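The values are calculated or read from the model by the stated rules, or taken from the named source; none is laboratory data. These numbers were taken from a predicted model, which means no experiment stands behind them. Positions of Cβ are backbone-derived with ideal geometry, glycine not excepted, and every protein chain shown enters the neighbour counts. Just so you know, the surface numbers come from the protein's heavy atoms only, side chains and all, with ligands and any DNA or RNA stripped out. Shrake-Rupley method; radii C 1.70, N 1.55, O 1.52, S 1.80 Å.
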Amino acid sequence: MLLSGSKYGLARCCLYWARADVPDLPRVENPDAKAGTNRHHALEALVNDTDGTASALWLASLWGCTVEEWPAIEANIREWLPTGAPEVALYYHPATDTARSSDARDRAYQCEAGEVPMTVDLLRHRDGAPIEVWDYKTGRQDNLELAASNAQLAICCLAAARMTGATAARGVLAVVADDGTARLDEVELDSLDLDAIAYEVRGLVERTPTSEPAPGPWCSDKWCPARAVCPATRAAMVATPMEPMSIVVDSADACARIHTQIGLAEEFLETVKRARNEWLQSNPAGCELADGSVLQWTIEERDSIELTDAAAALIPPEAIERKTSKTAIERAIKATAAKGEAAAKMREVLAALDAAGAIKTTQFGRPRARKAGRRAA
Ligand code: SF4
């Protein structure tokens with residue numbers, strides 16, 4: 001697998017996954033990642049949209065909101081989004097401590113031997129100021145490192161500085177909320193800081209070919225791409241051998257072991273399902289199963305009914321479900337409330353709904369791991 005800017009934080013913890021002999025498994029973008037990618041595209045489009053002519057419908061669909069919600073979100077984004085060069089592909093060469101950029105979108109294809117590819121969400125040059133590297137973070141950020149210790153930001157700053165000849169760089173993390181507002185976290189790196197990062201990158205790249213698995217919380221927290229094939233996770237599966245499905249969970253040890261096994265088995269199954277599906281998609285004839293049936297990739301259609309006034313008139317009233325969610329209400333309030341008033345408005349609406357008996361609470365149980373010492377909410 002290839003060491004890249006986005007995986008540099010993982011490389012600081014474990015290098016095994018980046019070895020050339022560790023297979024690069026097919027990856028399918030999960031819906032959350034896809035939504036994040038679309039929001040990055042929306043931000044890129046806004047940076048490019050200097051004359052304000054980009055389609056609101058298109059931008060709203062990228063953001064995942066309605067076209068009515070979009071103007072308020074766009075106004076929030078424009079309050080912090082700077083001008084600059086969006087989506088810049090950089091390639092850092094640790095052996096020569098140099099970097100280059102490329103217009104190409106296919107980063108893996110363009111990468112030359114020994115280079116570390118990365119994408120900078122926004123690169124900003126200002127006279128007399130350090131070169132600026134912006135990284136947008138959208139969606140949940142449970143394990144986000146602060147700018148001062150953020151590995152991806154560090155290597156992107158290094159590459160940007162080496163490419164432009166700058167002696168200092170400023171890295172900015174923009175943690176972007178659903179309503180388009182952003183919390184900015186910055187770090188400024190001088191020439192000594194940049195030299196230290198270059199030294200670290202070169203050392204990690206040199207150690208990669210002989211590195212061994214170093215398991216830890218980063219295996220899952222930092223989305224290691226090799227979890228399904230890594231000997232460390234396989235060893236964990238062997239150390240906690242699968243029991244028949246009829247197993248009785250009769251102790252804390254057995255429960256903890258089964259919980260670990262379930263996580264590993266689900267992850268493994270997701271990986272092999274993706275591999276099976278990719279094979280079937282590229283082999284339309286499919287394969288024969290033991291019972292003589294043929295397994296093929298098929299496209300199925302599912303209808304949904306948009307509840308326009310005309311459609312509602314055709315449907316028996318008892319078939320129409322009338323319900324919404326707190327998330328949908330919150331989104332609508334954020335789009336329409338004056339700045340700073342959304343939270344109070346939301347509380348007011350929820351209190352009124354509660355008083356009207358419109359909020360139904362159901363309880364459900366699920367296993368949930370908490371860090372030791374942290375009490376249940
Ligand atoms: S699963 Fe963990 S130990 Fe294995 S390569 Fe990934 S980070 Fe390293």
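These residues, D253, D354, D103, D190, go from largest to smallest accessible area, 1.4 Å probe, as D103, D253, D354, D190. Each label was represented as a point 7 Å from its Cα along the Cα-to-Cβ direction; for T361 and D309 these points are 3.9 nm apart.
By the gyration tensor of its Cα atoms, with a ≥ b ≥ c the square roots of the eigenvalues, what is the shape of region 33-126: rounded for a/c under 1.5, prolate for a/b over b/c, or oblate? Don't jump to the answer; show the numbers that get you there.
Numbers: a/c = 3.15, a/b = 2.12, b/c = 1.48.
Prolate shape, in that a/c is at least 1.5 and a/b is the bigger ratio.
Computed from the Cβ-Cβ distance with R0 of 51 Å, the FRET efficiency linking R207 to V67 stands at 0.50.
Listed by chain and number, the aspartates and glutamates whose alpha-carbon sits under 13 Å from that of K345, ignoring those within fewer than 8 places in the same chain, are E330.
In this simple spin-label approximation, D24 and L295 carry label points 7 Å from Cα along the Cα→Cβ vector, and these lie 2.6 nm apart.
Residue ranking by accessible heavy-atom surface, 1.4 Å probe, largest first, among V67, V120 comes out as V67, V120.
Put simply, the amide H of K137, placed in the peptide plane, has neighbours under 5 Å in A174, V175, V176, leaving out anything fewer than 5 places away on its chain.
Divide by every residue of the chain the summed helix terms, -39500 (n - 2.57) for each DSSP H run of at least 4, and state the resulting mean residue ellipticity at 222 nm, rounded to the nearest 500 deg cm²/dmol. Theoretical 222 nm ellipticity from helices: -12500 deg cm²/dmol.
In a DSSP loop and with at most 16 other Cβ atoms within 10 Å, the GluC sites (Glu not before Pro) in region 3-83 are E29, E68.
Placing R0 at 25 angstrom, the Cβ-Cβ distance between T324 and A33 gives a FRET efficiency of 0.40 after rounding to 0.05. Among the listed pairs K137/K326; K34/K273; K34/K323; K137/K273; K34/K137; K34/K222, a Cα-Cα separation exceeding 21 Å is found for K137/K326; K34/K323; K137/K273. Sorted largest first by accessible area at a 1.4 angstrom probe radius, with every protein chain in place, the residues W279, W63 fall in the order W279, W63.
Between R126 and D190, the simple spin-label model (points 7 angstrom out along Cα→Cβ) gives 2.0 nm.
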